[in-house]
Amino acid sequence: PLSLKEIGIYHDISRTRGGAYTLTFEKAPWYAVGKKTSGVFHSDAGEGAYAWSSVFAPTRLDTEVLHRWSYLNEESGEWESSSVVGFPISGGRNEGYRGYSIKENIFPGKWRVDVETLRGQIIGRFVFRVETATEAPTLRTETR
């Protein structure tokens, strides 16, 4: 069985030469227990958003997981899939297999990123709101 160890929404992600990720994000408020990144993403026009996740997989399991980006259509009240990005994972790493996807030109409203199996089973989900930035948000950077 696959399990989600971590998920969040980021302003920028880059990979170091040593294989770690440098993540830039808006920190979650103190009362958002268990969340590292904020549930509000302040976006400049045309800016992309990154979803980063860590998925634990048992040893010798090689498969693919998907990031499904969806937004809430406020007129219909239904979630609409916007894009799906897949990437391979290999089991056996205690910290989980890490991967990310990007959604270009994200627009204001309610969004979610589902981490799914190829069969459509949801491993985990991150729901957030995109708001237009009126001033530069306070960002934090960590390497993991």
Over 22 Å [Cα-Cα, the range 1-88], rounded percent: 41
Size descriptor, Kirkwood hydrodynamic radius, that averages inverse alpha-carbon separations across the range 78-144, Å: 14.9
Amide H within-cut-off set for ILE123, under 5 Å, with H built and near neighbours excluded: VAL115, GLU116, THR117
Heavy-atom SASA rank of THR138, THR24, THR59 (probe 1.4 Å, accessible area, largest first): THR138, THR59, THR24
Per residue, the convex hull volume that the Cα atoms of the range 8-144 enclose (Å³): 126
Net charge over other residues, Cβ less than 15 angstrom from the Cβ of VAL33 (K, R count +1; D, E count -1): +2
Computed log₁₀ I(q)/I(0) - Debye formula, equal Cα scatterers, no solvent, the range 30-72, q 0.16, 0.20, 0.28 Å⁻¹: -0.72, -0.95, -1.20
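The values are calculated or read from the model by the stated rules, or taken from the named source; none is laboratory data. No experiment lies behind these values; they were computed from the predicted model shown. Neighbour counts are summed over all protein chains in view; Cβ atoms, including those assigned to glycine, are modelled from backbone coordinates with ideal geometry. Side chains are part of the model used for accessible areas, which takes the heavy atoms of the whole protein and leaves out ligands, DNA and RNA. Shrake-Rupley method; radii C 1.70, N 1.55, O 1.52, S 1.80 Å.
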